[in-house]
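*Asks:* Could you have a look at this structure, given as structure tokens, before my questions?
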Amino acid sequence: MNKKLVAALSGGAALVLALSGCGGDGDDSGKKRDAWAKQICDQMQPPVKKAKDAFASIVSVRGEEDSKKVQQTDSAAFQTISDAYKSLASTVDNAGVPPVKDGKATQENAVKALNELSGVFAGLKKQVDGLNTSDKAKFSDGLRDLAKKLDSLKGKGDDAINKLQAGELGQAMMKQPNCKKVESPK
């Protein structure tokens, strides 16, 4: 009943993993970039972990027959994911302008993308809360609609986040222990 929803969530999970595993390599000696990267990387781990755990909770009810349990799990997960993206946006915003060329635009675009994703997941929570759990067919149809919306999220925000993690910033972030690439949950 929840297979399409789980498949669609992989796009959102990929973005969360991208945020926790910053790309780039090389030797960046810019102290300001390193300080900015440390601030970001140290503060982003709790919301990233919460979002990954929330995605995992949705996967955990994949074969569940109890529509009410699926609804409650998905609703709580969508709220957690929304809160996590909002927290990540605040982290990037509060870190200030990154000390790189076009830093202000890079920061603003990342904050905007993260806030938009927060809003989308808040909307998904409302939608799943409104599903009729007493009619399994209608509930399954509602989950399919949610899966389509989630599927449309693939890549949303990726450009802004990738730019935040590119070049000198990406190199500075990669030096930070809290921004090392982590294995995706199975």
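The values are calculated or read from the model by the stated rules, or taken from the named source; none is laboratory data. Since the structure is predicted, the reported quantities are computational estimates derived from the model, not experimental observations. Don't worry about glycine lacking a Cβ; one is built from the backbone with ideal geometry, like all the others, and counts go over all protein chains shown. These area figures cover heavy atoms from the full protein model, side chains too; ligands, DNA and RNA do not enter into them. Shrake-Rupley method; radii C 1.70, N 1.55, O 1.52, S 1.80 Å.
*Asks:* Across region 106-150, which residue is modelled with the lowest pLDDT among those that are open to solvent by 50 Å² or more (accessible area, probe 1.4 Å) and small (Gly, Ala, Ser)?
*Replies:* 137
*Asks:* Another question about this same structure. Hey, could you check region 63-80 for residues that are farther than 15 Å from residue 132 by Cα and small (Gly, Ala, Ser) and say which is modelled with the lowest pLDDT?
*Replies:* If we take residues in region 63-80 being farther than 15 Å from residue 132 by Cα and small (Gly, Ala, Ser), then 63 is modelled with the lowest pLDDT.
*Asks:* Checking residue 99 against (1) more than 17 Å from residue 162 (Cβ to Cβ); (2) part of a helix (DSSP H, G or I); (3) open to solvent by 10 Å² or more (accessible area, probe 1.4 Å), only one condition comes out false. Which one?
*Replies:* The single condition residue 99 does not satisfy is (2).
*Asks:* Residue check, residue 125 against (1) closer than 30 Å to residue 168 by Cα; (2) assigned to a helix (DSSP H, G or I), all met but one. Which one?
*Replies:* (1)
*Asks:* Any residue at all in region 31-44 that's exposed (fewer than 14 other Cβ atoms within 10 Å of the Cβ) and modelled with pLDDT under 85?
*Replies:* Taking every residue of region 31-44 in turn, none turns out to be exposed (fewer than 14 other Cβ atoms within 10 Å of the Cβ) and modelled with pLDDT under 85.
*Asks:* Follow-up question, since we're still on this one. Mind listing just one residue for me: the one in region 19-30 that is open to solvent by 70 Å² or more (accessible area, probe 1.4 Å) and of a type outside the set (Ser, Thr, Tyr) and, of those, modelled with the lowest pLDDT?
*Replies:* Out of the qualifying residues, it is 25.
*Asks:* While we're on this one: Would you point out which residue out of 172, 137, 89 is of a type in the set (Gly, Ala, Ser) and touching a residue at least 60 places away in the same chain (Cβ under 8 Å)?
*Replies:* Exactly one of 172, 137, 89 is of a type in the set (Gly, Ala, Ser) and touching a residue at least 60 places away in the same chain (Cβ under 8 Å), namely 172.
*Asks:* Now for a separate question. Output the residues belonging to region 56-76 that are farther than 17 Å from residue 127 by Cβ and either in contact (Cβ under 8 Å) with a residue 40 or more places away in the chain or in a loop (DSSP other than H, G, I, E, B) (or both).
*Replies:* Hits for region 56-76 are 56, 59, 62, 63, 64, 65, 66.
*Asks:* What is the residue count in region 45-79 for residues that are buried (at least 19 other Cβ atoms within 10 Å of the Cβ), within 20 Å of the chain's Cα centre (by Cα) and among the hydroxyl-bearing types (Ser, Thr, Tyr)?
*Replies:* The total comes to 1.
*Asks:* Related question: Quick one: in region 161-171, which of the residues that are assigned to a helix (DSSP H, G or I) and open to solvent by 20 Å² or more (accessible area, probe 1.4 Å) is nearest to residue 104 (Cα to Cα)?
*Replies:* Once the filter is applied, the top-ranked residue is 163.
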